[in-house]
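The values are calculated or read from the model by the stated rules, or taken from the named source; none is laboratory data. None of these values were measured; they are calculated from a predicted model. Every residue, glycine as well, gets a Cβ built from its backbone with ideal geometry; the counts of neighbours run over all protein chains shown. Remember, those area values only see protein heavy atoms, side chains included, never the ligands or the DNA or RNA. Shrake-Rupley method; radii C 1.70, N 1.55, O 1.52, S 1.80 Å.
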Amino acid sequence: RVERTLELKDSFKQHDFYKYYYLFTNEQKKIDIGERYQIDEKVRATTIEVFIASNITSEISLLDKEVTAIGSNYSIVTRDITIDSIPIPIIRKAIAKNNFYRLMFLKAYLPKLQSINELITSDKYLRSMKIAIKCYQEFEIENLATETLLNITCDFLRQLQEKLKIENERKIGTKQFIPNAISRVFKEKTRLSFALSDGDAEIGHPMIAPKKNEYFLDLSQKNCDWHAYNENYGTSEEKSFVMFMNNSMNQLRKKYKQIWLLRNERFFKLYNFSDGVPFEPDFVLFLVDKQGKSEVIYQVFIEPKGTHLMATDKWKQDFLKKKKKSCEVENIYANKNYQLIGLPFYNKDNNVPFESDFEILI
């Protein structure tokens, strides 16, 4: 392992941008229970699996994990039903056997629910939810005994109970972004630790001495004053992006009076609007334009991404691309206007989407 020190350049620390400007980020918050008018659509769209008895299993095995250990000579038969196909008296009996489904308790999770009848018969609650009944022998729904249907319903309700509890703790990312002083967010000096590999991996190697010559760039030079930190020890994808920025600088300088690129070394997080999952964009690019009497500051979130990660991290790209359309920025100065923008992933092998959006900035 090697230790590296990442430092802000003196020229940046002495600039008004570092002293007086802001980074806007959102927050994570728990969903207001008062906003819940139904069981969440994702939960209602979930098919809950329940195993029932067969000649192979001597008793009802309600979601018993061990049932899957039965020999591979047997195939599982699955029949799907919706709650509204189960007789209401059976559903009511299953509800009566579980204290969680008493109306007074349910209102802690479903505050707009008016009655148990509404719970059973409304499409906003149980009516259209699906159960996948599984068995190790052929069976037909209409031939299931009343006691079996009751056990199926009880297990369905038990699993739904756990999902409602999880949903009750679900968080989202706010669409209101709040200001954080640049000087407070980005540390002047940061110690980094890297495990260097024997292969072509660039991580941990400075751009002044990269493994591949194509990533060589002396970031201490005056014409690289746009790069706020003294070095970049990132991956080959991240180094490629910095080279892209360097090659775009002549065009950018024609339009913007200030250009600052800052690496995010766990200095700030963004939170996905839909589920509150945090992530840390690799870079934030600040572009300061002058339009009439009002100064416009573009805050651009950028994430270089290797091809092998683009599919699994697609949700991050989807979130970034929603930025300009979804977020609300708190105005802190009458003469300053911040606009937040997220770009598609930067990928050196397939960069058309990124370059197309970046071209708009130029």
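Relative to the present Cα-Cα distance, how much length would full extension add between Asn180 and Met310 at 0.36 nm per residue of separation?
43.8 nm
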> Per residue, how much accessible area does the chain show when a 1.4 Å probe rolls over the protein heavy atoms, in square angstrom?
Replying inline: 52
>> Just to be sure I understand the rule: take each whole DSSP H helix in the chain, project its Cα atoms onto its long axis, keep it if the span is 20 Å or more and its mean Kyte-Doolittle hydropathy is at least -0.5. Which ones pass?
In response: 146-168
> So, with a 1.4 angstrom probe, what is the percent of accessible area on the stretch 173-303 that is carbon and sulfur?
Replying inline: 44
> What spacing in nm lies between the two simple spin-label points modelled at Gln38 and Asp84, each 7 Å away from Cα in the Cβ direction?
Replying inline: 1.2
>> In whole percent, and with a 1.4 Å probe on the protein chains, what portion of the accessible area of the stretch 108-155 is carbon and sulfur?
In response: 44
> Taking the simple approach of a point 7 Å from Cα along Cα-to-Cβ for both Asn213 and Thr5, what is their distance in nm?
Replying inline: 3.2
> What is the Å³ per residue value for the convex hull set by the Cα atoms of the chain?
Replying inline: 204
> Taking a spot 7 Å from the Cα of Val77 along the direction of its beta carbon, which residues of the stretch 113-142 have an amide N less than 19 Å from it?
Replying inline: 131-142
> Which of the trypsin sites (Lys or Arg not before Pro) found in the stretch 263-362 are loop residues per DSSP with 12 or fewer other Cβ atoms within 10 Å of their Cβ?
Replying inline: Arg266, Lys293
